[in-house]
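Notes follow once the structure below has been shown.
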Amino acid sequence: MSLKTGLQPGTIMYTGVKNKYEPIEIEEFIYNKESIYNNVNIYKENINLRLNFEMNNWINIIGIHDIELIKKIGEKFSIDNLILEDVVNNGQRPKIEIRDNLIFIVLKLITSDENNEFKYEQISLILLDNVLIIFQESKTPIFNTIKNRILKDIGRLRKRGIGYLAYGILDRIIDEYFVILEELNNRCDKLEELVLLSSDKREFEEILALKKDILKLKKVITPLKEFMVILKSNEIKEYLTEDVDIYLEDLNDHINVAFENIESLFLKGNELIQLYHTTVSAGMNEIMKVLTMISTVFIPLSFLVGLYGMNFEVIPELKWEYGYFILLGLMFTIICGIGYFFKKKKWW
C-alpha cells in the first residue's frame, strides 16, 4: 500500500528510501556572459542563497528527503504544495505542468553501474523568471559537463538565458537514454547468439530480466511524446524564449529516435522469448526423432524375439541346426534395411 494513501492533496511526504539524516548539498550558479558566481554548501537550518534576478540563477539541490528544506524552498519562491508534493514523490511519471509563475518538469534519469544494473532517479526542474531550480535524489556526475561549460565559459550557456540551460539539462538526461538503449540492444544480440547455440534455462531467465528492463524503460520513454507536445507550446515559449525553438526541435528528434528504439527493443524482447521456445521445441523434436527411430528399429526385432519366445511345444524352426544364426542374420538385415530407408528419406 502507498505511503500516501488517505492523505490529503498537497501533503509533502518523501516516498523514497534514503536516510533522512543524510546531508543535502545546495549548489548555486549565478552567471551571465560577463561574470560567474559558484558556491556549494551543505544545508543545515537556513537557506543561504545569493540570488541576482538580473542574471541567470541555477540552484541545484541534491537530496529531496528533507521536508523542511522543501517547504522553505516553496515559501521562498512561491511554489505551491501540489508541486512540492510531486518533487518528493519519486514515483512520478515524466510530465510538464504550467502555472502562472513557473513551469514544473519531471523526468527520470537512468544510469548504469559497474554491474550493468540500471538506476532510476527522479529529476525535477522548476523554471521561474531567470531562476532554474533542480531537485536530484542523489549526486550524479552527468551534469558535470554543463557545470564546467558554465564555469569555463565554453559554448553558448553563459551567453543565453535560463531557458537554454533548461534545454541543456533536458538534453543531457535524454542523451543518457541512448547509452541505456545501446546496452539493452547489446544484451539482446548476445542473448540471441546464446539461445541459438543452446536452450539453457539460464538464458531464459536472462531474457525475462532483459524484458523487465525494457518494459521499465518503455514506461519512462513513452510519456515523452506527450511531454514534447507541451514543451513546444506557446505557453512554454514565454519562459524558454523563442530562440530555443531550433533546440527543442532537436530534442524532439532525439525523443522520437529513443521512442522508435524502445519499440524495436520491445519487439526484439518478444522475439527472443519466441526464439527460445522455438529452440527448446526444436531440441525436443530432435530427441523425439531419435527415440522414434530407435523404437522403429526395435519393433520388428522385438516381434521376432517374442514370436520365438512363445511356449508352444511345436515350433519347427527351433529344431533347425542353423536357426539361431539365420534369425540373427534376419535381424541384422532388418536393421540395415531400416537404416537404408531412413538414409534415403534423409531422416538420418
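Quick look at the numbers
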{"quantity": "Identity of the residue in region 94-119, under 21 Å from the mean Cα position of the chain (by Cα) and farther than 21 Å from residue 62 by Cβ, that ends up modelled with the highest pLDDT", "calculated": "95"}
{"quantity": "Residue within region 303-315 that is without any contact (Cβ under 8 Å) to a residue 12 or more places away in the chain, surrounded by 12 or more Cβ atoms within 10 Å (Cβ to Cβ) and not in a helix (DSSP H, G or I) present", "calculated": "yes"}
{"quantity": "Candidate set: region 88-112, residues that are charged (D, E, K, R) and closer than 19 Å to residue 222 by Cα; chosen: the one surrounded by the most Cβ atoms within 10 Å (Cβ to Cβ)", "calculated": "108"}
{"quantity": "Residue check for residue 138: modelled with pLDDT of 90 or more, among the hydroxyl-bearing types (Ser, Thr, Tyr), out of contact with any Pro (no Cβ under 7 Å at 6 or more places or on another chain) and farther than 28 Å from residue 34 by Cβ", "calculated": "no"}
{"quantity": "Residue among 341, 312 that is modelled with pLDDT under 80 and of a type in the set (Phe, Trp, Tyr)", "calculated": "312"}
{"quantity": "Residue list for region 10-54, filter: open to solvent by less than 30 Å² (accessible area, probe 1.4 Å) and either within 13 Å of residue 131 (Cβ to Cβ) or modelled with pLDDT under 90 (or both)", "calculated": "10, 12, 16, 24, 28, 29, 30, 31, 43"}
{"quantity": "Residues (in a helix (DSSP H, G or I), surrounded by fewer than 17 Cβ atoms within 10 Å (Cβ to Cβ) and modelled with pLDDT of 90 or more) located in region 141-167", "calculated": "144, 145, 147, 148, 149, 151"}
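The values are calculated or read from the model by the stated rules, or taken from the named source; none is laboratory data. Predicted model, so just to flag it, every value in this text is computed and none were measured. All Cβ positions, glycine included, derive from the backbone under ideal geometry; neighbour counts span all protein chains shown. The protein model used for the area step is the full one, side chains on, heavy atoms only, and it has no ligands, DNA or RNA in it. Shrake-Rupley method; radii C 1.70, N 1.55, O 1.52, S 1.80 Å.
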